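Colleague: The structure follows.
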Amino acid sequence: MHFEELDTDTRRWMLDEFNAEQNQKHHFEPAELNYSGRIAFPDLMRQAIEHGNIASLAASLLDASYWNPTKMYYRQGKPMTQRIDPITSAQGLAHSEFTTWYTRGMARKLIEEGITRCQVYRADPAVPPKCECASLEENTVSVDEVYGGHRAKYFPIPNQMAFSIPSSPFCHHTIRRLRL
Ligand SMILES: [Zn+2]
C-alpha cells in the first residue's frame with residue numbers, strides 16, 4: 001500500500017483518532033482476536049501508527065496465542081465455522097486496520113487544515129479492485145463524509161449502505177489531498 005502522506009503530522013492525527021476511539025467505552029475490537037490478543041492489540045496498533053506500517057503490524061500480530069481457533073461467518077444466511085490461520089489473519093487485520101487509521105487520520109488532518117474535498121485513490125495498483133469504491137477511484141469526495149464514514153459499514157451497527165473508505169477488509173483505497 002502506498003500511503004502518500006504518511007508523515008509525522010499524519011501519524012500524530014492517526015494516533016489522536018485511535019486513542020479517542022479506545023477511550024470510548026463501547027469501541028470496536030477485532031472479533032478474531034481472543035482475550036489476550038485484544039489486550040495486546042491497542043499497543044501494537046499504536047506502535048504501527050507511530051513508526052510502523054502494515055508489514056510491521058502484521059509481524060507483531062503473528063503470535064498464535066492472540067487468535068481464536070475459529071470464527072463464525074454467514075453463507076447465504078447460514079452460520080458457518082472457519083478455522084483461523086494466524087498468518088493470514090494477521091496480514092488481513094493489519095491491512096484493514098492500518099488502512100482504516102490512515103484514512104481517518106488523513107481526513108482529520110485535512111479538516112484541521114480547513115480542506116473540505118479530497119480524492120479517492122487505489123493505494124496498491126497491483127491489486128485488482130474488488131470493492132465497491134473502485135467506482136470512486138480518482139473521484140473527489142467530501143472530507144467530512146470520509147471522516148464520518150469510519151467503520152460505518154460494520155460498527156457499531158452493520159449498515160452495508162453506508163459510505164465508507166476503506167469499504168471492506170480487502171479494500172485498497174484511501175484518500176489523498178487534491179493536487180492543484
Ligand atoms: Zn476500495
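Colleague: Would you check if L93 is within 19 Å of P169 (Cβ to Cβ) and either β-branched (V, I, T) or in contact with a Phe, Trp or Tyr (Cβ under 6 Å, 6 or more places away or on another chain) (or both)?
Modeller: The answer is no for L93.
Colleague: Among the residues that make up segment 42-54, is at least one of them closer than 30 Å to E113 by Cβ and small (G, A, S)?
Modeller: yes
Colleague: Right, something else. When you scan segment 39-78, how many residues do you find that are exposed (fewer than 14 other Cβ atoms within 10 Å of the Cβ) and in a helix (DSSP H, G or I)?
Modeller: 7
Colleague: If we keep just the residues of segment 112-137 that are away from the ligand (no atom under 12 Å from the Cβ) and assigned to a loop (DSSP other than H, G, I, E, B), which is surrounded by the most Cβ atoms within 10 Å (Cβ to Cβ)?
Modeller: Once the filter is applied, the top-ranked residue is I115.
Colleague: Next question. Pairs only if they're at least six apart or on different chains, beta carbon under 7 angstrom, first in segment 1-15 and farther than 18 Å from H172 by Cα, second at pLDDT 95 or above and surrounded by fewer than 15 Cβ atoms within 10 Å (Cβ to Cβ); list them, first residue then second.
Modeller: R11/E50; L15/E50
Colleague: Tally the residues that are within 9 Å of the ligand (Cβ to nearest atom), loosely packed, with under 15 Cβ neighbours inside 10 Å and modelled with pLDDT of 95 or more, restricting the search to segment 138-177.
Modeller: Here the count works out to 0.
Colleague: Taking interchain pairs and intrachain pairs at least six residues apart, which have beta carbon atoms under 7 angstrom, with the first residue in segment 121-142 and within 16 Å of M106 (Cα to Cα) and of a type outside the set (V, I, T) and the second in a loop (DSSP other than H, G, I, E, B) and near the ligand (Cβ under 10 Å from one of its atoms)?
Modeller: Sorted first by the residue in segment 121-142, then by its partner, the pairs are Y121/E137; R122/P129; R122/E137; R122/H172; A123/H172.
Colleague: Going through T100, T81 one at a time, which residue ends up being closer than 30 Å to N68 by Cα and assigned to a helix (DSSP H, G or I)?
Modeller: T100 is the lone residue from the list that is closer than 30 Å to N68 by Cα and assigned to a helix (DSSP H, G or I).
The values are calculated or read from the model by the stated rules, or taken from the named source; none is laboratory data. What you see is a predicted model, and the numbers here were worked out from it, not measured in a lab. A quick note on method: Cβ atoms are made from the backbone with ideal geometry, for glycine too, and the neighbour counts reach across all protein chains shown.
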